[in-house]
Each structure stands twice: as structure tokens, then as C-alpha cells.
Amino acid sequence: MLHIVYYVYMFPGQAALMLSLGSQLTALQSQMAELKKENAAQAAELSDLKNRVTTSESQVAELKNRVTTSESQVAELKNRVTTSESQVAELKNRVTTSESQVAELKNRVTTSESQVAELKKENAALEARLSVAESQVEELRLDRRQVAFSVGLTDSGYVGPFQTEITLVYEKIFTNIGNGYDTNSGMFSAPVRGVYYFTFTSMGREPGQKMGVYLVKNGEQMIYNVQDNFHGGYEYMTGAVALELEKDDLVYLRLPKGWGLYDDNYNHIVFTGILLFTTNPAMGRLH
């Protein structure tokens, strides 16, 4: 602090005034010092605020740039959304068109399936008619078929008696036109639908023994022939029948339980069958 000393001569009133002014000056100088301190502090604060403002302005500028970039991105996204919406609308139109085409195809498929069902029915009817026609053609063709067989039983002598009824297997083939007779089973299988005539003979030699045969069609007994041989020697019996047969019907002869037969190279026991004529399946059975 600067102290100025004035050496002047003053009156008592002036000296008191000067003292008062000096005190005021000293107080002012103190206040000025405080103000300078405050000013320095405020200057520091102001400098700090300026730095902060500068930083804030930089941040604001950066934010503006980012906002600008974001706005550009938003604008680009809007454009892309607009494009996507256009594409979605186009896809919706295409889907609608496809759905219409699918519905049309379904209708066409339904129509086609109905037509196929009708064609199947017509085809089934045609196949049935064709099958009937083929059967008729086969029957017409078989009308000219010749079927005849004649077979002898055995050369071994006595046949039977047995504890059970048996099917006779005729071993000697005289005729088998059409191959209807089976030498393994002893059964005649009709090669074609028609009317057949069968004859058969039986012979026995054992005294007191029954001799004869059953003629059987498909397991059903058709003819029952029996002869008692009371005195021994050669006892003969014959039988004949005309039968209407379906194709593959079976006709054969069976020897009942306890009965006996005799055959040798003289062919006493013969089984014969002949096709008289064929019948048309459409005509049904003859009665």
C-alpha cells in the first residue's frame, strides 16, 4: 500500500477532514483489492465458461453433424421403406394373382378329378363288357374244342376193401383228349363250360362183398351204385349220367368204406367222359 505524506499546514477542521478522507481512501483501496480478487476469480470463471462454451459449441457442431447424418439416414430409410412398401404392394398383387390362379387350378383339378372318376366308371363298364366279350369269344372258340377221356382202373387185381372211403385213381389212360383227366388225383376237371356225358363200369369177384362206386361232382354225390356179390365170380354194374359243368368243375368216382373191386389187364373197370356241347355263360344254367 502506498502512503503519501503531505507536509502542509492546515487548519484544525481541514486536518480532521483529511483524516476522514484518508480513512475512506484506505477503505476504498481495500474494496478495490477485494474487487480485483473477485474480478480475477470472475475472469477465471469466465475463461472456464468460455472453454466450456467452446466445448459445448464443438459438441453442438458434432451433434448437428450427427443429426444431419441421422436425418440423411432417416431420409434414406424412408426411401427404402417407400421402396419396400412398393415391393410389398407388388408382392401382394402377385400373391392375389397367384391365389386366383391356384383357385382356378383347384377348380380345374376338381373338374379333372370328376372327369377321371367318370372315365374310371366308363372304363370299368368297358372292362366288364370286354371281359364278357372275351368270355363269349373264348366260349365260341371252345365250342370247337374236343374233350373226351377214357381210363381203366388197374392191372393189380383186387382193390379194397378199405377202412375209409377213397377216391379211385384210374391208372390206365386209353384216351385223354383235352387233358381233362388228372392221373395223379383221379379227377376230371372240365376244361370248358358245357354238358358232359359220363359212363363207368364196376366189377367184383369176392363172395359176400359189396361192390360199386359213387359218382361225385365237386364233393356232391350224384350217383350211388351198389351190387351184392352173394356167390362170388364176376359181378358187373354200369352207370351213366349227363352233367352240366362249369369250367374247372370236378367229377370223380369214390369207393365206399368196406366195398371191394377187381380189375386186371382185361379192363373190367372203365371210367369215360365226353363233352357233348358247350354252353354260353350269358344263357345261364340249363334246366
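A few notes on this one:
- Entirely in the range 227-276, the strands (runs of 3 or more DSSP E) that have 1 or more residues that are among the acidic types (Asp, Glu) and in contact with a strand residue (DSSP E or B) (Cβ under 8 Å, 6 or more places away or on another chain): 227-229, 235-245, 261-263
- Scanning the range 206-219 finds no residues that are closer than 26 Å to residue 145 by Cβ, assigned by TED's automatic domain parsing to the domain that holds residue 162, in contact (Cβ under 8 Å) with a residue 40 or more places away in the chain and not in a strand (DSSP E or B).
- The residue that is nearest to residue 215 (Cα to Cα), among those in the range 241-260 that are modelled with pLDDT of 95 or more and among the hydrophobic types (A, V, I, L, M, F, W, C), is 253.
- Apart from one condition, residue 255 fits all of (1) at positive phi; (2) over 54 Å from the mean Cα position of the chain (by Cα); the exception is (1).
- Qualifying residue in the range 172-186 (condition: in contact with a helix residue (DSSP H, G or I) (Cβ under 7 Å, 6 or more places away or on another chain), over 18 Å from residue 241 (Cβ atoms) and surrounded by 14 or more Cβ atoms within 10 Å (Cβ to Cβ)): no
- Within the range 165-194, the residues that satisfy the criterion of being assigned to a loop (DSSP other than H, G, I, E, B) and within 21 Å of residue 264 (Cβ to Cβ) are 168, 169, 170, 171, 183, 186.
- Total residues in the range 182-198, condition closer than 21 Å to residue 261 by Cα, within 53 Å of the chain's Cα centre (by Cα) and touching a residue at least 60 places away in the same chain (Cβ under 8 Å): 4
- Comparison of 63, 49 shows that the only residue that is assigned to a helix (DSSP H, G or I) and at pLDDT below 80 is 63.
The values are calculated or read from the model by the stated rules, or taken from the named source; none is laboratory data. Keep in mind the model is a prediction, meaning the values are calculated, not measured. Because the Cβ atoms are built from the backbone with ideal geometry, glycine has one as well, and the counts that use them run over all protein chains shown.
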